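To start, the structure under review is shown below, and the notes come after it.
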Amino acid sequence: MGSVGRYDSIDLTKFVLAFMVVLIHINPFSAEVNVVVMPVLRLAVPLFFIISAFFFFTKVSVGKGATESDVVQAVKRAIGFTKRNLSLYFFWLAILIVPVISLRGWFGHGILRGVFVLLQHFFFGSTFIASWYIMALIIAVWVVLILSVKLSSTQVVAITVPFFVVSCLMSNYYYAPLTQTHLDTLEFAFWYPYNSFWIGLFWVAVGKWISDRGGLGKCLLSQPFGLHGSWRCRSGI
């Protein structure tokens, strides 16, 4: 904790990942190319979760060997992390609120129902396009942080695996017989887990797992593209 580390090419990595996310949404490829390219592009969001979690948990100490003061500091850092991300969220929501309300049609069946659906989208989905990632990251970081007070990072990863499996079933394997058989139950329990914190839990837990193995984290993040550059790890990122 407290030290500033250097990780080569992280800025470039994040730029490339952001470009990959843009390509996912505009999807300029033919059907033949899309089959090959899309699985690669979809690595971008999991890697964003992992990188964000890695840098957050590198700066906190919870679990085995952590003192009560360490846990308090971790909570304070999580609160700061939450405030920064919510500021980003509400900034863009304020700019896009008029077209978003028009597009989503939340209040088409009354104000109370509209408020409920709005809150549902806020916590478990998207308000403006792709906003689900910000809330998913916030919630997942808090859940993993709380679990990590009593559990090892390996145990936390194991706990989050079922949520990852459900998310995969309801996205990549939506039309599989197993998914269709239990679709009503899955949608009732998880709504759309692949665009919510359910999918974020696993990848944030993986980022925490890597951060607990400092040498491995530096190895994985120091030169992800074999290029040279620098990025300074700063608290709360």
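None of the figures in this text is laboratory data; all of them are computed from the coordinates on show. Note that the coordinates shown come from a computational prediction; the quantities given were computed from them, not determined experimentally. All Cβ positions, even for glycine, are placed from backbone atoms using ideal geometry, and neighbour counts span all protein chains on display.
Assorted remarks:
- Across region 135-212, Cα-Cα pairs farther apart than 22 Å form 27% of the total.
- For region 61-153, Kirkwood radius (reciprocal of mean inverse C-alpha pair distance, Å): 15.1 Å
- With a simple spin-label model that places each label point 7 Å from the Cα along the Cα-to-Cβ direction, the separation between V115 and I79 comes to 2.7 nm.
- log₁₀ of I(q)/I(0) at q = 0.12, 0.19, 0.21 Å⁻¹ - region 1-92, Debye sum with one point per alpha carbon: -0.57, -1.01, -1.11
- Packing around the peptides 168-180, 25-37, taken as the average count of other Cβ atoms within 10 Å per residue, puts them in this order, highest first: 168-180, 25-37.
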